[in-house]
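Notes for the one structure printed next.
Read the figures in this text as sums done on the coordinates, not as results from a lab. Small disclaimer: the values here were computed from a predicted structure and weren't measured. Backbone-built Cβ (ideal geometry, glycine too); neighbour counts: all protein chains shown.
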Amino acid sequence: MKDFNAWLESGMKGPPPAEPTPGMSGLGKGRTGTFDTNLTPGNYGLICYVPDAKDGKPHSMHGMMQELTVAAK
């Protein structure tokens with residue numbers, strides 16, 4: 001996640017330090033949603049790209065991200 005934060009802070013210059021995986025699109029305030037995907041064992045990041053209304057930075061730059069580890073069965 002540190003590499004990803006550094007990439008965001010650089011203005012997203014160059015390729016991201018991760019491969020994108022399908023996820024959610026924007027939702028209205030107070031809404032929830034789900035999606036199904038098959039993840040292979042490894043480390044993943046759940047990241048919000050929605051821009052903040054006050055400063056325009058992605059929510060992830062304000063801490064709206066979570067690392068997730070998928071273990072083998």
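Give the cross-link partners of residue 54 among the lysines, using a straight C-alpha distance below 22 Å as the criterion and excluding same-chain residues fewer than 8 apart.
Qualifying lysines at Cα under 22 Å: 29.
To make sure I understand, if each residue's beta carbon is the centre and we count other beta carbons within 10 Å, what order do 8, 46, 27 fall in, fewest to most? Walk me through the numbers before you get to the answer.
Details: 8 17, 46 13, 27 10.
So the residues, fewest neighbours to most, are 27, 46, 8.
Can you find, among 71, 42, 25, the residue farthest towards the positive end of the dipole of the chain? Put +1 on the C-beta of Lys and Arg, -1 on that of Asp and Glu.
Most positive-ward Cα: 25.
For a quick check of your reading of the filter: which trypsin sites (Lys or Arg not before Pro) in segment 1-47 sit in a DSSP loop and have no more than 15 other Cβ atoms within 10 Å?
13, 29, 31
Mind putting a number on the dipole of the chain about its Cα centre? Charges go on the C-beta only, +1 for Lys and Arg and -1 for Asp and Glu, and I need it in Debye to the nearest 20.
The dipole magnitude comes to about 160 debye.
Please say if segment 24-66 is rounded, prolate or oblate, where rounded means a/c under 1.5 for a ≥ b ≥ c the square roots of the C-alpha gyration tensor eigenvalues, and otherwise the choice is prolate for a/b larger than b/c and oblate otherwise?
Because a/c hits 1.5 or more and a/b fails to exceed b/c, segment 24-66 counts as oblate.
One-quarter of the Cα convex hull surface for the chain, in nm²?
5.8 nm²
If the cut-off is 13 Å between C-alpha atoms, which aspartates and glutamates fall inside it for residue 2, apart from same-chain ones fewer than 8 positions away?
In chain and number order, the partners are 67.
Please list, by residue number, every one of the chymotrypsin sites (Phe, Trp or Tyr not before Pro) in the chain that is coil in DSSP and has at most 10 other beta-carbon atoms within 10 Å.
In loop regions of the chain (DSSP not H, G, I, E or B), the sparsely surrounded chymotrypsin sites (Phe, Trp or Tyr not before Pro) are 35.
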